[in-house]
Amino acid sequence: MRSTHFRYAITYIVITFVVLLFLNIYSTQISQNLFFYSKETSMIEKCQFSVSEISAEEIINNTTVNNVVKQMGSLRVTRLVITDRSGLAIYDSLEESQVGKYMLLPEIVQALDGNDVFSSNYHDGTLQSRAASPIMSYDTLIGCVYMMEHDTELGALIQSLQK
């Protein structure tokens with residue numbers, strides 16, 4: 001009789017442990033996926049906003065793009081790059097030395113094919129996100145907008161969930 005109660009108790013403890021472990025892993029994974037989706041939506045919306053502002057210009061060159069970027073204000077991104085249709089950088093918020101050079105980042109290349117693009121990776125408490133969107137004017141590709149963002153706050157939240 002005593003060993004039967006002991007077996008039931010052990011079985012109950014093991015089942016409870018497995019269920020709690022599953023729920024913890026599952027909820028953490030779902031939360032991380034929601035964070036990544038939220039970041040993707042935010043970055044694509046920022047790109048689309050920039051595209052709409054830039055595509056309103058008759059000609060995109062260094063002067064017009066600089067004026068548009070100043071009018072847009074802060075997008076709170078680490079890097080903003082605007083290219084022409086061949087991938088030549090017209091504007092780079094992080095490295096002015098890259099203006100006039102070809103930017104063949106994977107996201108830019110895909111955006112120049114006419115696609116909205118998003119990618120991200122998480123490493124050591126930082127979520128690095130990249131997004132790009134094509135700039136169209138009268139159904140003609142005239143360039144693309146690329147954004148990169150380092151998010152340590154969201155990265156820290158993901159890291160705390162993992163622990």
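The values are calculated or read from the model by the stated rules, or taken from the named source; none is laboratory data. The shown structure was predicted, so the numbers you read here are calculated from the model rather than taken from an experiment. Neighbour counts run over all protein chains shown; Cβ positions are idealised from the backbone, glycine included. Please note that ligands, DNA and RNA were not included when accessible areas were found on the heavy atoms of the full protein model with its side chains. Shrake-Rupley method; radii C 1.70, N 1.55, O 1.52, S 1.80 Å.
Structural remarks
- On the basis of the beta-carbon distance and an R0 of 30 Å, Gln128 and Thr16 show a calculated FRET efficiency of 0.20.
- Computed log₁₀ I(q)/I(0) - Debye formula, equal Cα scatterers, no solvent, segment 1-127, q 0.21 Å⁻¹: -1.28
- Under the Karplus curve 6.51 cos²θ - 1.76 cosθ + 1.60, θ = phi - 60°, whole-Hz ³J(HN,Hα) for segment 106-123, x wherever Gly or Pro sits: x, 5, 5, 4, 5, 5, 6, 8, x, 10, 7, 10, 9, 8, 8, 8, 10, 8
- For Thr78, the residues 5 or more places off, or on other chains, whose built amide H falls under 5 Å of its own are Met148, Glu149, His150.
- Here the label points at Leu104 and Phe6, each 7 Å from Cα along the C-beta direction, are separated by 7.1 nm in the simple model.
- Excluding ligands, DNA and RNA, the accessible surface per residue across the chain is 63 Å² with a 1.4 Å probe.
- For segment 46-60, the Karplus equation 6.51 cos²θ - 1.76 cosθ + 1.60, evaluated at θ = phi - 60°, returns couplings of 5, 4, 5, 4, 4, 4, 5, 5, 6, 5, 6, 6, 5, 10, 9 Hz by residue, with Gly and Pro reported as x.
- Lysine pair count for segment 26-163 (Cα-Cα distance under 28 Å; residues 8 or more apart in sequence or on different chains): 5.
- Potential lengthening between Lys70 and Asp113 on full extension [0.36 nm per residue; Cα-Cα distance subtracted]: 12.7 nm
- The loop-placed GluC sites (Glu not before Pro) in segment 19-87, going by DSSP, that have at most 14 neighbouring Cβ atoms within 10 Å of their Cβ come out as Glu58.
- At the residue level, Phe118 shows approximately 50 square angstrom of accessible surface with a 1.4 angstrom probe and all protein chains present.
- Dipole of segment 1-105 computed with +1 at Lys/Arg Cβ and -1 at Asp/Glu Cβ about the Cα centre; of Gly100, Tyr26, Gln71, farthest Cα towards the positive end is Tyr26.
- Largest mean-square fluctuation among Ser129, Ser55, Ser27, in a Gaussian network model of the chain whose springs join Cα atoms under 10 Å apart, belongs to Ser27.
- With the gyration tensor restricted to C-alpha atoms of segment 13-69, the semi-axes of the equivalent ellipsoid amount to 49, 7, 5 Å, longest first.
- Computed 3J(HN,Hα) for segment 71-87, one whole-Hz value per residue from the Karplus formula 6.51 cos²θ - 1.76 cosθ + 1.60 where θ = phi - 60°, is 5, 5, x, 7, 9, 6, 10, 6, 9, 10, 10, 10, 10, 8, 5, 9, x, glycine and proline marked x.
- Burial order of peptide ranges 130-143, 8-21 (average beta-carbon count within 10 Å, highest first): 130-143, 8-21
- Amide proton proximity set for Leu105, modelled H, under 5 Å, gap of 5+: none
- Mean residue ellipticity (222 nm) of the chain, computed from DSSP H runs ≥ 4 via -39,500 (n - 2.57), nearest 500: -17500 deg cm²/dmol
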